[in-house]
1. With labels modelled as points extended 7 Å from the Cα through the Cβ direction, what inter-label distance (nm, one decimal) is found for Gln4 paired with Arg235?
2. Taking a probe of 1.4 Å, how large is the accessible area per residue of segment 62-118, in Å²?
3. My understanding is that a pair violates if its Cα-Cα distance is over 28 Å; which of Lys21/Lys119; Lys175/Lys238; Lys312/Lys358; Lys119/Lys151; Lys291/Lys312; Lys119/Lys271 do that in this structure?
4. Provide, in order from the shortest bin, the percent of all Cα-Cα pairs of segment 264-369 in each 10 Å bin, continuing until the bin that contains the maximum pair distance.
5. Calculate what fraction, in whole %, of the accessible area of segment 284-333 sits on carbon and sulfur atoms when a 1.4 Å probe is rolled over the protein chains.
6. In nanometres, what is the gap between the two model label sites at Asp347 and Asn116, each 7 Å from Cα along Cα-to-Cβ?
7. Taking segment 155-187, which chymotrypsin sites (Phe, Trp or Tyr not before Pro) meet the DSSP loop condition and have no more than 15 other C-beta atoms within 10 Å?
8. For the chain, with a Gaussian network of springs between Cα atoms less than 10 Å apart, report the residue from Gly213, Gly272, Gly221 with the top mean-square fluctuation.
Amino acid sequence: MEPQLRCIGCGAAIQVEDPKKAGYAPKSVLEKEAEEIVCQRCFRLKHYNEVQDVPLDDSDFVNMLHRIGESKALVVYIVDIFDFNGSWIPGLPRFAADNPILLVGNKADLLPRSVNYLKLVQWMRRMAEELGLRPVDVCLVSAAKGIGMGKVMEAMERFRKGGDVYVVGCTNVGKSTFINWVIEEATGKGNVITTSYFPGTTLDMIEIPLEGGSSLYDTPGIINHHQMAHFVDARDLKIITPKREIHPRVYQLNEGQTLFFGGLARLDYVKGGRRSFVCYMANELTIHRTKREKADSLYASQLGQLLSPPNKRYAADFPPLVPRTLSVKERKTDIVFSGLGWVTCNDPGAQLVVYAPKGVDVLIRQSLI
């Protein structure tokens, strides 16, 4: 039996089947019969200074969290401010043990410019505490544009107290962009990183040296299976993932009207008089309004066409939308579709039925904006 080939950069077992998983290398690399094999992730790190997410399965996730808890380190926890609840990692405070956690909300540039950043940071802290986390500090950034990154670097230096740093987060929260920004800021140059700086582990973490002999560890992206991203293909993921500032879309609805968000989710307004609903979703996502009595037949005939995404290539296999009854009991309430966006209802008293694929979280929270 031949020994398992491993990447010299990160230690991951080499495989040629799945480019999204750890240790992937094109077959052409193996055919060269080189003594030392470098996976595609480490190749891109070395030559393009890019860190790519590699998702963990559940057992790897637990092992990684145990390692963090057994260390004395600062945990930098990155969430997607556009998908705060969907990018939340349940149980992280328990696994982090006594280590301080710095909460960082990324992708602030996607929110409307009217948003008050100070109030948003206060909202993040309040939501985090409701979910069982008491962070040592809360920062709001756009890693892609460098907004707020200076403050995060200062906070990291202050709270790590000369020790190690672990950066954790779900896939698609912009963790790699954040790490790449930190690398470039720390080195002062681009494209100076080589894989030899990053000894790997069985968890495929990447170790980035810091001053004083400590390290910053980039951990693989954690999959949250209840996000909409896991129900669409790559082309549609580009449609539902915001790339620039979101423009709120306001709909005045009468009782008995329905909003379709592509064909991925649906909101039925059942009772409560005429009122407005403000939709915060990617600008490219089509929102279609119709009468509730026609909604079922429209969905059956137009899924993958008028109601897209999902696109027609897999619309027939798209899981059915599951209804859930909700009541808006407080002012300024968000109805959140995990990984898709949210709809704000400003006044109490609305009776709703919301639909999403089974497994996708739909929840009510205090308004983000």
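1. With each label point 7 Å from Cα toward Cβ, the separation is 3.7 nm.
2. Heavy-atom SASA per residue in segment 62-118 reads 37 Å².
3. In this structure, Lys21/Lys119; Lys119/Lys271 lie more than 28 Å apart at Cα.
4. Percent of pairs per bin, in order: 14, 47, 33, 7, 0.
5. C and S fraction of accessible area: 48 percent.
6. 2.3 nm
7. Passing sites in segment 155-187 do not exist.
8. Fluctuation is largest for Gly213.
The values are calculated or read from the model by the stated rules, or taken from the named source; none is laboratory data. This is a predicted model, so every value here is computed, not measured. Using ideal geometry, Cβ is built from the backbone for each residue, glycine included, and neighbour counts are taken over all protein chains shown. When the accessible area is computed, the model is the full protein with side chains, heavy atoms only, and any ligands, DNA or RNA have been set aside. Shrake-Rupley method; radii C 1.70, N 1.55, O 1.52, S 1.80 Å.
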